[in-house]
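Visitor: If you scroll down you'll find the structure; I have some questions about it.
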Amino acid sequence: MGSENKEFDEDRENYITLTDDDGEDISFELLDTIEYKERLFAVLLPFEDQDDEVVILEILPGESPEYDDFVSVDDDALLEEVFAEFQKRYSEQE
């Protein structure tokens with residue numbers, strides 16, 4: 001995914017719909033936000049994906065205060081580090 005805009009479902013603040021580069025809307029459950037190495041990442045679970053794989057996108061400030069840009073992370077090592085941080089936080093909560 002490239003750059004997307006967010007749109008929160010007002011009834012459920014942990015649900016988000018992103019528009020991809022092709023103009024298609026994809027809905028996610030926002031599982032967590034992770035601040036890592038002075039950057040902010042969103043850990044998302046796609047609604048329509050049956051294999052329970054999460055998507056990790058970097059959150060960058062958008063042009064307006066109501067919207068942020070969600071950007072793909074191309075660095076596999078960074079993705080693994082952020083996912084490990086998510087797993088650590090998740091296991092501490094249980």
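Here, each number is a calculation from the coordinates, and none is a lab measurement. As the structure is a prediction and not an experimental result, all values here were calculated from the model. Quick reminder, even Gly has a Cβ in these numbers, built from the backbone with ideal geometry, and neighbours come from all protein chains shown.
Visitor: Calculate, in nm to one decimal, what Glu53 and Leu31 gain on full extension: separation in residues at 0.36 nm each, minus their alpha carbon distance.
Guide: Full-extension gain reported as 6.7 nm.
Visitor: If amide hydrogens are placed 1.01 Å from N in the peptide plane, which non-local residues have theirs closer than 5 Å to the one on Val73?
Guide: The list, which skips near neighbours in sequence, is Glu58.
Visitor: Testing the spin-label approximation: label points 7 Å from Cα along Cα→Cβ at Glu63 and Arg39. State their distance in nm.
Guide: 2.4 nm
Visitor: Using +1 on the beta carbon of Lys and Arg, -1 on that of Asp and Glu, and nothing else charged, what's the dipole of the chain about the Cα centre, debye to 20?
Guide: Roughly 440 debye for the chain.
Visitor: By count of other Cβ within 10 Å, fewest leading, how are Leu45, Leu57 ordered?
Guide: Least to most surrounded, the residues fall as Leu45, Leu57.
Visitor: Moving to a separate point now. What are the ³J(HN,Hα) values, in whole Hz, obtained from phi via the Karplus relation 6.51 cos²θ - 1.76 cosθ + 1.60 with θ = phi - 60°, for each residue of region 56-66 in sequence order, with x given for Gly and Pro?
Guide: After applying 6.51 cos²θ - 1.76 cosθ + 1.60, I find 10, 10, 7, 9, 10, x, x, 6, 10, x, 7 Hz.
Visitor: Suppose R0 equals 35 Å; then what is the FRET efficiency for Lys88 and Thr17 from their Cβ-Cβ distance, rounded to the nearest 0.05?
Guide: 0.80
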